[in-house]
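A short write-up of the structure that comes next.
The values are calculated or read from the model by the stated rules, or taken from the named source; none is laboratory data. Everything quoted here is computed from the prediction, not taken from an experiment. Positions of Cβ are backbone-derived with ideal geometry, glycine not excepted, and every protein chain shown enters the neighbour counts.
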Amino acid sequence: MGHKASDIEARLIVGFETHVQLATNTKLFCGCAVAFGETPNSRMCPVCLGLPGALPVMNRRAFDFAVLTGLALGCKISVHTKWDRKSYYYPDLPKNYQISQYDLPLAHDGAFEIPSEGGSKRVGIIRAHLEEDAGKNLHDQGDYSLVDLNRAGTPLLEIVTRPEINSPDEAYVYCTELQRLVTYLGVSHGVMQKGQMRFEPNINVEITAGGQTFRTPISEVKNLNSFRSVRGAVEFEFRRQVQDWLADHDYQFKKRPNENRGWDDERGVTVFQREKEAAHDYRYFPDPDLVPVEVDTAWLNGVRESLPELPLARRMRFELQYGVTADDAATLVADRETADCFESAAERAGAPQTTAKQFLNVWSRFANDRGVSVGRLAVSAERMGELAAMVDQRVVSATAANQIAERMMSSSDEPRQLAESMGLVTVADEGQLDSWVAGVFAGNEKAVKDAIANPKKTQAAVGFLRGQVMKASGGKADPRLAGDKIEARLAAMRAG
Amino acid sequence: MSGVLNVAETARTVRSRKCSARQAVQSAINAIRDREGRLKTFISVSPDAALKRADEIDAAIAHGRDPGPLAGVPVALKDNICNRHAATTCASNILRDFVPPYDAHVVERLTAAGAIILAKTNMDEFAMGSSTENSGFFKTRNPWNENCVPGGSSGGSTAAVAARMIPAAFGSDTGGSIRQPAALCGVTGLKPTYGRVSRYGLVAFGSSLDQIGPITVDARDAALLLAVIAGRDPRDSTSVAEPVPDYVAALDKPIHGLKIGIAAEYFGQGLDPQVETAVRAALDLFRARGAEVREITLPHMKYAVACYYVVATAEASSNLARYDGVHYGHRTPVPSDLIDLYARSRHEGFGAEVKRRIMLGTYVLSSGYYDAYYLKALKVRTLIRRDFERAFESVDVIASPVTPTTAFPIGEKSDDPLAMYLADIYTISANLAGVPAISIPCGFDAKRLPIGLQLTGPWFREDRILNLAHQFQSATDHHTHRPPLAAA
Ligand SMILES: [Zn+2]
């Protein structure tokens, strides 16, 4: 007996395995530079080439990065961890084993908080461990293949979640948030185009129909390297698995094999690759060439204490503390330097909202033009704060501030000096303002007459006339005082 | 036809300009020319490179520069120790033409000390064997009796030193591969503490067991060489930052009051009575010089051979996976596909014993068997280590035979792997525990084949076993006897 699609309830279940390339200068077990796009086989040595007699030595910085990430994911850090060999034959794996961590991963049992409708959601982290990347096989050579080992030995952190993600959007958010986290911590550059983050969702569906619950087989979509493809693959699999179950109710976990699938970006579908072997025998055993790593608890406590406020928490705090929108908070916390810079500037200005406006409208535009983050601009947080304070205290207008900001990019003068030398300091002098206002009234008789004759048009006319005064003053007139004077003059004319 | 001087004499004569480094190298080249033919101890000899290096050392001496403590001493390396100038074959067809682009740590140290690498020695393929019969190229003969094996796996190194073709050679010891052939060839062979000497550049067999050590005529030469190669190397994570004591200065310490342990486990069934007699005579000599001999027990030693053949083969199966015909080494000429490339390259490249051990090691690491074999072996290994810890609480050194018998005829055990494995029964536990041990000549049997005495010390106490070995050699002349073809 079949079920109709309308009779069933389907719940998506997704867990992620993610490989994050760590931002070390050198490979995990040798001194070769980590490189992308270099001449094939130009970044190799006896160690990463697996020559007989060569021995691996752990890159301490990679280990430190991994521990920092583990802590940020709320994981327990193993006091005692070790390296294991994972054996399989493949030409891009020079030793025919990969150095990885099997039963004692350096981090385990954590949770990663991601934004979710109406708040946040915690995704359980099963484990995070370090391993070396393989090289690349190039198969487009006719009747032979080539191997490029530049990538062999690059440090990867593999992060495995619990199957606690329940929608394509959540999958998307998990991946983007993880990228924000690792780049924010500085442990990875997180550049998707360079394969520095590779996502592998494990997907199945829990179907409730006719009072019974069924689970579909798990498919693992390999090597997704864009957020869009993650969402696409999860969406597609959700639909496909429900349809396959509707067509064949034996399409169930354990009754049908789990499978590996690939993502076809052009067609927007996942493609069957192979059934998963029940258990491929990797013959893991402890690598006798490497000594176990004992983590010093005092050192670990130090790292834990130095852990910065994490991006999501910081964004939520920005919304509350500075009164910015969620989107604007995300922009301000895009990276740690920018967020730090913003907070210093806002404190200096004593005016967070004005500072935020300048960050979002002015500084971020300059940063984009230069392909850097706001925190990396050659303008200090103090000077940015100073400029925001000047706007807030009406020393300069917002329009004038934009011109000053542009000049600050190439000049080390103080913003106030620049405002003066550029003649942009707001004029509040009564006589000068009166003369500008008189000039504008004389030059715009029709607008003045309309404003007096028709009270409904007064508001618009005042705005228009104030704009003319700002124009006549070269942006220097204090806009609020100018408005006051225009209204007073109109009132006097109406009365007189 | 007198052959070469020993290490200390060579260095002394070269440093004092009584003889040039070139002459020292030339005398080794001459001895090799005269004696090598029948013994077949070397896989490669590099006279031109060695003479060139000798000239550099002579030039340094002429300019008044210190040429180093081993100035002009020609040495040979077992062919599993990498150096840039010669193929490093491991006596295997799979690495027949492999020339490493780097020097092993010991090669760097030796070269810096003024020693000259002259030749690479024959061995059991990938150090797997106890007779050097498993060489992929040819068998080496024992200089004391050419119908007998020299022992193994460092049999080329020990035979070359015994025949006085070279002052010293280096071997590797995974389960006795320095000490057992040293005993069978009547020379001195030292296996240092695991971690004492960097393994960087030693082609791995059993990574948690392998150590490089010197093979020399006497303990003094061993001390001179160990002093040069010992110490922490950041390229080998398992090398230890323990201070290196003055081994040569320690040689002359009196042994009065030293406590020497003997364990019944080393004197059981299968021990040739002539070997036992020679070893017990050595103990009498130590007693006469004021040492105290005490009974100890190593209760888990009976499991050592079984434990070893699980741990060593497991590591070997993984270490040898890299020889696949893809990146370097032998590649089958016309593979039909990738799997065929792997299978045929390995089938053609490896010998029978290597294949046997790869299969054994793969089996013990396989899912479903790991706990019963590999994990259990690791537990036994811990127990064996504890045996030694406990023993060294009451004694300073453990004395024993090196091998149950003297050198056996070529071919006698080559079809019986188990009998061959038992040749290492007394040497294996030192590797499992990681402790240092030395093999020194202590007599001859009725067939005038050498007998070895093994002295095992606590971790990082090479100074103590060298001291005891030197004191023994000061009172005896077994180590000065030469095989007939090298008679003075
Ligand atoms: Zn490298």
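Give B:Ser92, B:Ser46 a once-over and let me know the one that is among the small types (Gly, Ala, Ser) and surrounded by 24 or more Cβ atoms within 10 Å (Cβ to Cβ). Don't jump to the end; show me each part of the working.
Values: B:Ser46 fails: surrounded by 24 or more Cβ atoms within 10 Å (Cβ to Cβ).
Every option except B:Ser92 fails the conditions.
Considering only residues that are in a loop (DSSP other than H, G, I, E, B) and over 11 Å from the mean Cα position of the chain (by Cα), look in the range A:181-195 and name the one that is surrounded by the fewest Cβ atoms within 10 Å (Cβ to Cβ). Before the answer, list the steps.
Keep residues of the range A:181-195 that are in a loop (DSSP other than H, G, I, E, B), which gives A:186-191, A:195.
Within this subset, residues satisfying the condition of being over 11 Å from the mean Cα position of the chain (by Cα) are A:186-188, A:195.
On the way: A:Gly186: 14, A:Val187: 25, A:Ser188: 24, A:Gly195: 16.
This residue is A:Gly186.
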* Restricting the range A:31-56 to residues that are small (Gly, Ala, Ser) and over 23 Å from B:Ser92 (Cβ atoms), which is farthest from the chain's Cα centre (by Cα)? -> A:Ser42
* Asked: Of the residues that sit in the range B:291-346 and are in contact with a Ser or Thr (Cβ under 7 Å, 6 or more places away or on another chain) and among the acidic types (Asp, Glu), which one is nearest to B:Gly136 (Cα to Cα)?
  -> B:Asp324
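Residue-by-condition table, conditions (1) surrounded by 12 or more Cβ atoms within 10 Å (Cβ to Cβ); (2) closer than 14 Å to A:Gly483 by Cβ:
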| position | (1), (2) |
| --- | --- |
| A:Glu414 | yes, no |
| A:Leu418 | yes, no |
| A:Ser421 | yes, no |
| A:Leu424 | yes, no |
| A:Ala428 | yes, yes |
| A:Glu445 | no, no |
| A:Lys449 | yes, no |
| A:Lys457 | yes, no |
| A:Phe464 | yes, yes |
* To do: Of all residues in the range A:284-326, count the ones that are surrounded by 13 or more Cβ atoms within 10 Å (Cβ to Cβ), modelled with pLDDT under 95 and among the aliphatic types (A, V, I, L, M).
  => 6
* Asked: Within the range B:209-241, which residues are within 14 Å of chain A (Cβ to nearest Cβ) and more than 23 Å from B:Thr121 (Cα to Cα)?
  -> B:Arg232, B:Asp233, B:Pro234, B:Arg235, B:Asp236, B:Ser237, B:Thr238, B:Ser239, B:Val240, B:Ala241
* Asked: What are the residue pairs meeting all of these: first residue in the range B:176-202, first residue farther than 16 Å from B:Ala160 by Cα and within 14 Å of another protein chain (Cβ to nearest Cβ), second residue among the hydroxyl-bearing types (Ser, Thr, Tyr) and surrounded by fewer than 24 Cβ atoms within 10 Å (Cβ to Cβ), Cβ atoms under 6 Å, and 6 or more apart or on different chains?
  -> B:Gly195/B:Thr238; B:Gly195/B:Ser239; B:Ser198/B:Ser239
* Structure fact -> B:Tyr370 vs (1) more than 10 Å from chain A (Cβ to nearest Cβ); (2) free of Cβ contacts under 8 Å to residues at least 60 places away in the same chain: all pass except (1)
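Select from the range A:126-141 the residues that are part of a strand (DSSP E or B) and more than 16 Å from the ligand (Cβ to nearest atom) and write down the one among them that is nearest to the chain's Cα centre (by Cα). Talk me through it step by step, then tell me what you get.
Initially, the range A:126-141 is screened for residues part of a strand (DSSP E or B), giving A:126-132, A:136-138.
Now drop any that are not more than 16 Å from the ligand (Cβ to nearest atom), which leaves A:126-130, A:137-138.
Values: A:Ile126: 22, A:Arg127: 22, A:Ala128: 20, A:His129: 22, A:Leu130: 22, A:Asn137: 30, A:Leu138: 31 Å.
Only one residue fits best here, namely A:Ala128.
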* To do: Please go through the range A:20-36 and pick out each residue that is away from chain B (no Cβ under 14 Å), in a loop (DSSP other than H, G, I, E, B) and free of Cβ contacts under 8 Å to residues at least 40 places away in the same chain.
  => A:Asn25
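Okay, residues lined up against (1) surrounded by 22 or more Cβ atoms within 10 Å (Cβ to Cβ); (2) in contact (Cβ under 8 Å) with a residue 12 or more places away in the chain:
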{"residue": "A:Glu337", "(1), (2)": "no, yes"}
{"residue": "A:Arg348", "(1), (2)": "no, yes"}
{"residue": "A:Trp363", "(1), (2)": "yes, yes"}
{"residue": "A:Asn368", "(1), (2)": "no, no"}
{"residue": "A:Glu382", "(1), (2)": "no, yes"}
* Structure fact -> Within the range B:329-350, residues being at the interface with chain A (Cβ under 9 Å from one of its Cβ atoms) and out of contact with any Gly (no Cβ under 9 Å at 6 or more places or on another chain) number 2
* Please specify each residue of the range A:42-66 satisfying the condition of being in contact with a Leu (Cβ under 6 Å, 6 or more places away or on another chain) and without any contact (Cβ under 8 Å) to a residue 12 or more places away in the chain. => A:Gly53
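Could you please let me know if B:Lys302 is over 21 Å from B:Pro458 (Cβ atoms) and touching an Asp or Glu at 6+ places or on another chain (Cβ under 8 Å)? Break it down into steps so the answer makes sense when it comes.
Details: over 21 Å from B:Pro458 (Cβ atoms): yes; touching an Asp or Glu at 6+ places or on another chain (Cβ under 8 Å): yes.
Considered against the rule, which asks whether it is over 21 Å from B:Pro458 (Cβ atoms) and touching an Asp or Glu at 6+ places or on another chain (Cβ under 8 Å), B:Lys302 comes out as yes.
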* **In the range A:48-100, the residues that are in contact with a helix residue (DSSP H, G or I) (Cβ under 6 Å, 6 or more places away or on another chain) and at positive phi** => A:Gly50, A:Asn96
* Which is within 14 Å of chain A (Cβ to nearest Cβ), of a type outside the set (S, T, N, Q) and in contact (Cβ under 8 Å) with a residue 40 or more places away in the chain, of B:Ala321, B:Ala278, B:Ala316, B:Ala304? -> B:Ala316
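Name the one entry in A:Asp84, A:Asp103 that is farther than 23 Å from A:Asn260 by Cα, surrounded by 19 or more Cβ atoms within 10 Å (Cβ to Cβ) and more than 16 Å from the ligand (Cβ to nearest atom).
Details: A:Asp103 fails: surrounded by 19 or more Cβ atoms within 10 Å (Cβ to Cβ).
The match here is A:Asp84.
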* Count, please, the residues in the range A:37-68 that happen to be more than 9 Å from chain B (Cβ to nearest Cβ), within 14 Å of the ligand (Cβ to nearest atom) and closer than 25 Å to A:Val295 by Cα. => 2
* Going through the range B:251-299 one residue at a time, which ones are more than 25 Å from B:Glu462 (Cβ to Cβ), more than 24 Å from the chain's Cα centre (by Cα) and assigned to a loop (DSSP other than H, G, I, E, B)? -> B:Gly268, B:Gln269
* **Qualifying positions in the range B:98-129 - without any contact (Cβ under 8 Å) to a residue 12 or more places away in the chain and assigned to a loop (DSSP other than H, G, I, E, B)** => none
* **Yes/no for B:Val334 being surrounded by fewer than 21 Cβ atoms within 10 Å (Cβ to Cβ) and outside any helix (DSSP H, G or I)** => yes
* If A:Tyr144 satisfies every condition in (1) more than 30 Å from A:Pro168 (Cβ to Cβ); (2) within 16 Å of the ligand (Cβ to nearest atom); (3) part of a loop (DSSP other than H, G, I, E, B) but one, which is the exception? -> (2)
